[in-house]
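Readers should treat all values here as calculations from the given coordinates under stated rules, not as data from a laboratory. As the structure is a prediction and not an experimental result, all values here were calculated from the model. In this analysis, Cβ positions are derived from the backbone assuming ideal geometry, glycine residues included, and neighbour counts consider all displayed protein chains.
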Amino acid sequence: MKRNQKSRRGARVESRGKKRKATVTRRRSAVVGPRSSVLGPRSSVRRPDLGVEIGGIRLKNPVMTASGTFGYGTELTPFFDLNALGAIVVKTVTMHPRQGNPPPRIVETPGGMLNSIGLQNVGIDDFHRQKLPFLRTLATPLLVNIAGKSVEEFADLAKRLSDTEGVAGIELNISCPNVAGGLDFGTDPHLTYEVVRAVRQTTPLPVIPKLSPNVTDITVIARAAADAGANALSLINTIVAMAIDVRTRKPRLPGATGGLSGPAIRPIAVRMVWDVAQAVKLPLIGIGGIMTGEDAVEFLLAGASAVQVGTANFLDPLAPMKVLAGLEAYLVRYGLENVTPLIGAALPPNRETE
Amino acid sequence: MQAEVHSLRRLHHDYFLQRFTSPPLVFQPGQFVMVKPSGSLDPFLPRAYSILRVQHHMRGSRGKRGNVVEILYRVLGKGTTALSHLKPGDRVDLLGPLGNGYRVPPNLSTALLVAGGIGVPPVVALVEKLANVKHGNGRRRSAVRGRHKLVAFVGGKAASDVLCLSDFRKAGATLHVATEDGSLGHQGLVTELLETYLRSSVDGLRSAIYACGPHPMLHAVARVAERFGIPCQVSLEADMACGFGACMGCVIPVQSSRQPMNHGPSNMNQRIYKLCCKDGPAFDAREIAW
């Protein structure tokens, strides 16, 4: 009943928008075809302010791409204007180039997929030489995701990124399940503390550890990261999982296990954001199976200030734009002028979150 | 982008020819599209299909004008099963054309085309391009005789796995057919026919081999090409999620052209990979670490 009323209200807003369509100036956006109509007609209504702030980084909207699902940006330039994103998070960069794991690396599972890429990347030197020049031309903030083999290597990578132009923040991959030792820093609170503190002391840039769901209590890791001076937290990375081929009677991935992502893990991710939002006061970036604007809203309600769209990019390179359009449509439908009232709105009232 | 099913035709057994109406699309033989039924999470990921041909200005099932993209597939798993159950007018997500197709040097005189089983679509696309076969208005005009000599080698396990022979004929290609069970043409492997042909061939230097099919067949073709010193391109496939280079899932082991770079010990003794979707799917056969 209640839902019906809401959707009717939504429909009215839309029809009002359509009448004024003629006066609307065309939105400067690379979203093409029928998709732009989600935003287009409503731009005559006062557009909500989608801006948020994450650890000192001002974002024009809360929709980013998740590391490892977006390459280094150039892969997606044929599809839309990357400047429409709140921020870009690029594929994990390591000290030395990595060739990654042997194929097959991808297995489809119900409502999601397993991956075992193994942090294939060009290494920090070629990242500077080959990838940064393009990324610097973008107007939207760039978060560089890094993974080190040791505390020192994390700090060294962070330092080298701080010494260069065009990097807005550093996301720490302490949660990769597909390389030896990849999970160590994200599953032991002492190591989490050490690595975050070391990076914090090395760089003036905002430091955003990306947390692993492969722990008993994610709030313990979140508190360790907060105590060490993290500026924000990204969560969650993929969940260690596996699939077995019943014909060959062997694991489908050569390394047996991989990281599960996609809508299948969304309820787990929402719960973890909800838990962490009540444990620490840091801004959170919610990640896990976001396919639509309403999925993003769910994370905001659980306490996230921003979101990352990951696996959905593989199904549709325009997914981040659709999430953004859906989020804006949601704000318009409920008469909200900005996203702030949504952040943590579903949390128990006695807890304070900011 | 959104596309819709134009028609579905069962060729025989599990082989289907499916057409989609789509926005205008220009492709090179060997390029592919990612396709999945719209609005469903099962199958979750789109699948890569080589483009067989694109017909221009055909009417879709709802009277809309546009391109018609044709793919050919064998129903094997979830993705192909789902596609084979769609009806005309059903919507699909179709992304493409993607990847790099076969590269044809301007001075090519003879194209040796090798296709195995369901690997035939990009090879047909190439033979039709080289023969200047035009598609449009629902009718296929006969080939304007191209300037290339076209020799096709088509194989399969049985006669029912040998597809598109009439397309090769219409393009004016000389046909050599092999089946493993001998139910059609030469009994044996298609690479045997290729080898026999090359032994007596007088095609000269400006010939090249273009192949697509099962991995062992492509490996055999690559060996033959090496032995006869003929340039060879193979179209490969790999499990992929996105099709445009973002997931880095579809890697193909390639020969390291140089010594491993001086980037420290982590790089030693490791395979070098290229992405099937972005660096391929058509590769120079010598590049592959078979």
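Based on the convex hull around the alpha carbon atoms, region B:110-235 presents an average projected area of 7.3 nm². Note on region A:44-118: Cα-Cα pairs beyond 20 Å make up 52% of the total pair count.
Note on chain A: dipole from Cβ charges, positive end direction compared against A:Ala198, A:Gly259, A:Asn173; the farthest Cα belongs to A:Gly259. Coupling constants for region B:179-191 follow from the phi torsions by the Karplus curve (6.51 cos²θ - 1.76 cosθ + 1.60, θ = phi - 60°), and in residue order they are 10, 5, 8, x, 6, 8, x, 5, 7, x, 9, 5, 5 Hz; glycine and proline get x. Considering every alpha-carbon pair of chain A, the percent of pairs per 10 Å bin, from zero through the bin containing the longest distance, is 5, 25, 34, 23, 10, 2, 0. Shape descriptor for chain B: Rg over Rh equals 0.97 (Cα atoms; Rh from the Kirkwood inverse mean 1/r).
Other residues with beta-carbon under 14 Å from the beta-carbon of A:Asp245 carry, at +1 per Lys or Arg and -1 per Asp or Glu, a net charge of +3.
Helix A:189-202 and the long axis of chain A differ in direction by around 80°, with both axes built from C-alpha atoms. Only DSSP H runs of four or more residues enter the estimate; each adds -39500 (n - 2.57), and after division by the residues of chain B the mean residue ellipticity at 222 nm equals -5000 deg cm²/dmol.
Charged neighbours of B:Gly280, selected by a Cβ distance under 12 Å, balance to -1 (K, R count +1; D, E count -1).
For region B:110-118, putting each phi into the Karplus relation 6.51 cos²θ - 1.76 cosθ + 1.60 with θ = phi - 60° gives couplings of 10, 9, 9, 10, 10, 10, x, x, 7 Hz, in residue order, rounded to whole numbers and with x for Gly and Pro. Restricting attention to region B:110-235, close to 5% of DSSP beta bridges with both partner residues there are antiparallel. Note that region B:5-19 has calculated 3J(HN,Hα) couplings of 5, 8, 7, 9, 10, 7, 6, 5, 6, 9, 8, 10, 10, 10, 10 Hz, one per residue in order, obtained from phi through the Karplus relation 6.51 cos²θ - 1.76 cosθ + 1.60 (θ = phi - 60°); glycine and proline are x. Quick check: from the Cα gyration tensor, does region A:92-148 come out rounded (a/c under 1.5), prolate or oblate? Oblate shape, in that a/c is at least 1.5 and b/c is the bigger or equal ratio.
Just so you know, the Cα atoms of the protein assembly as shown work out to an Rg and Dmax of 26.5, 87 Å.
Once the gyration tensor of the Cα atoms in region B:2-98 is diagonalised, the equivalent ellipsoid follows with semi-axes of 18, 15, 14 Å, ordered largest first.
Rounded, prolate or oblate: which fits region A:217-354, taking a ≥ b ≥ c as square roots of the Cα gyration tensor eigenvalues, rounded meaning a/c under 1.5, else prolate when a/b beats b/c? The shape class here is oblate. Take the residue pairs B:Lys78/B:Lys149; A:Lys159/B:Lys274; B:Lys149/B:Lys278; A:Lys91/B:Lys157; A:Lys159/B:Lys36; B:Lys78/B:Lys170 and return only those whose Cα atoms are more than 32 Å apart. Table pairs above 32 Å Cα-Cα are B:Lys78/B:Lys149; A:Lys91/B:Lys157; A:Lys159/B:Lys36; B:Lys78/B:Lys170. Compared with the dominant principal axis of the Cα atoms in chain A, helix A:319-333 is inclined by about 40°. Across all Cα pairs in region A:142-256, the calculated P(r) in 10 Å bins from zero up to the longest distance comes to 15, 44, 25, 11, 5, 0 percent per bin.
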